[in-house]
Amino acid sequence: MVQIGVLGLGNVGSAVVELLEKDRDGIRRQLGTDISVKKVLVRDLGRARIEAAAGKITDRADDILEDDEISLVVELMGGEQPALSYVRKALSRGKSVVTANKEIIAKYGEELAYLASEAGVSLMFEGSVGGGIPLIRPMQTCLVANDISMVMGILNGTTNYILSRMDESGCEFEDALREAQELGYAEADPSADLSGADARRKIAILSSLAFNAHVVPEHVEACGVEKIAMADIRYANELGYKVKLVGYGVRRKGQVELCVAPVLLPHGHPLAAVRDSYNAVLVEGDAVGTLMFYGRGAGGMPTASAVVSDVVEAIRAKDAVRPPFSCYNRLGVVDPRLVVSPFYVRLQALDSPGVLAFISGVFGHHGVSLSMVLQKSRRNGVAEVVMVTHPVQKGALQDALAEMEGCSQVPEVSNYMRVWE
Ligand code: HSE
């Protein structure tokens, strides 16, 4: 019998306890041993609880961390503290840890992996990226024969849900966000979803695995969806693109380009078809070619599916513990201003003679060449102008936009996004 302790009984914690209970017989048959949830840590003893946790609830973490009968701790509290201290303590006391906490894995993964290997126990985090999609283990094991040149994905269910709803039903941003929250996709504080911080942690974890280097969130330039308007989604569609919040790590001659940002993906791109709260990740390996992983990236049960698989795997691997990361590479990070790509730009310009010439003059001065210009709606003498540039350094584009935004001819630069080629 393996006794486990669960830290946290929120959306994912409750689903994990229920799933372990529901699958108990199947798991026993697979493992040849029984798993039992001995204790569950909650913050507030007074709140209503699921039946499967009855009689197991405690509000003292040490009831789990200092219980020698508990050999495996499942951390599902989220957030940095106190989760990080609890995970450190569990590993130091020789307990395996399964977590879905992308915050602590992205930031402290290397240290926690070291603690786990010192103690000879497992540290597993399949649920930290892509919810129910098997992604971490395939990267740790099935793809080791590959030199990976790119990992790119739609890594946040909440924002993908919002962008899909806006695209398909013309729904306003706030309404789509409320729906995503009601469906349990969003973080308690949705600003981490909307600002790209959530996807940034996830691409840091995936890039660490892909490039065998320690990539932390601070290495990843991140921009969220807050500036995206219905107009951008409409124009992108007219031009043959979908707006998607993507995270990517791309190897470029010994350096790696790391970014989370909304981009325009051509309609035919595999990630352009990923809708609703689904996540998908593309991996390019030199031996395997292009792979795509696709599935439910958020929500209690899909994430519980990944967590329970880690629990089973950690028990199976008891005598042959595998290090979760191998961080033997030291990679430089590409300066985001030097990235070369076409860009989409939407701005508000005075609808008077010479204004387009002024705009193209500023662009020309910064070496930005335009491949397409559309003048769209006009209100109170101000026209909305949509442009696509030829491939250009991002820094040059930003300098040009900063210069023209201060001028009377261009009251507002509304948005700009990379166009994925
Ligand atoms: N808030 C996250 C998302 C949940 O929307 O994808 C899974 O990490």
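Note on VAL312: accessible area is roughly 20 Å² with a 1.4 Å probe, heavy atoms of protein only. Spin-label model, ASN329/GLN398: points 7 Å from Cα along the beta carbon direction are separated by 2.5 nm.
For every helix of n ≥ 4 consecutive DSSP H residues, a contribution of -39,500 (n - 2.57) applies; sum these over the chain, divide by its total residues, and give [θ] at 222 nm rounded to the nearest 500 deg cm²/dmol. Walk me through the numbers before you get to the answer.
On the way: 13 runs with 144 residues, N = 421.
Calculated at 222 nm, the ellipticity per residue is -10500 deg cm²/dmol.
Solvent-accessible surface of the chain, taken per residue with a 1.4 Å probe and all protein chains present: 41 Å². Summing charges over all other residues whose Cβ lies under 15 Å from the Cβ of LYS242, with Lys and Arg as +1 and Asp and Glu as -1, gives -1. Counting protein heavy atoms only, the range 46-156 has 46 percent of its accessible area on carbon and sulfur, 1.4 angstrom probe. For the chain, the longest principal axis of the alpha carbon atoms and the long axis of helix 355-365 meet at an angle near 60°.
Considering the convex hull of the alpha carbon atoms of the range 300-421, report its projected area averaged over all viewing directions, in nm², one decimal. Provide the component values of the computation, followed by the final result.
Working: hull surface 52.0 nm².
With every direction weighted equally, the projected area is 13.0 nm².
For the chain, the longest principal axis of the C-alpha atoms and the axis of helix 300-316 are separated by about 50°.
The trypsin sites (Lys or Arg not before Pro) of the range 196-259 that DSSP puts in a loop, and whose beta carbon has at most 16 other beta carbons within 10 Å, are LYS227, LYS253.
A straight chain from LEU45 to LYS22 at 0.36 nm per residue would run longer than the Cα-Cα distance by 5.9 nm. Note on the range 136-297: Cα convex hull, mean projected area over all directions, 9.4 nm².
Computed from the C-alpha gyration tensor, the three semi-axes of the ellipsoid equivalent to the chain are 45, 23, 17 Å, from longest to shortest.
Can you tell me the orientation of helix 11-22 relative to the chain, as the angle in degrees between its alpha-carbon axis and the longest Cα principal axis, to the nearest 10? The helix 11-22 is inclined about 40 degrees to the chain.
Beyond 23 Å between alpha-carbons counts as too far, so tell me which of LYS56/LYS89; LYS102/LYS244; LYS22/LYS107; LYS56/LYS102; LYS202/LYS244; LYS227/LYS253 fall in that bin. Distance filter (> 23 Å) returns LYS22/LYS107; LYS56/LYS102; LYS227/LYS253.
Summing +1 for each Lys or Arg and -1 for each Asp or Glu among the other residues whose beta-carbon sits under 11 angstrom from that of LEU338 gives +1. Amide H contacts of ILE57: VAL40, each under 5 Å away and 5 or more positions distant or on a separate chain (H built 1.01 Å from N in the peptide plane; Pro and chain starts excluded). Share of carbon and sulfur in the accessible area of the range 274-354 stands at 54%, probe radius 1.4 Å. Each Lys or Arg adds one and each Asp or Glu subtracts one; over the other residues with Cβ under 12 Å from the Cβ of ALA119, this totals +3.
The values are calculated or read from the model by the stated rules, or taken from the named source; none is laboratory data. The model shown is predicted, which means the values in this text are computed figures rather than measured ones. Glycine also receives a Cβ, built like all others from the backbone with ideal geometry; neighbour counts cover every protein chain displayed. Side chains are part of the model used for accessible areas, which takes the heavy atoms of the whole protein and leaves out ligands, DNA and RNA. Shrake-Rupley method; radii C 1.70, N 1.55, O 1.52, S 1.80 Å.
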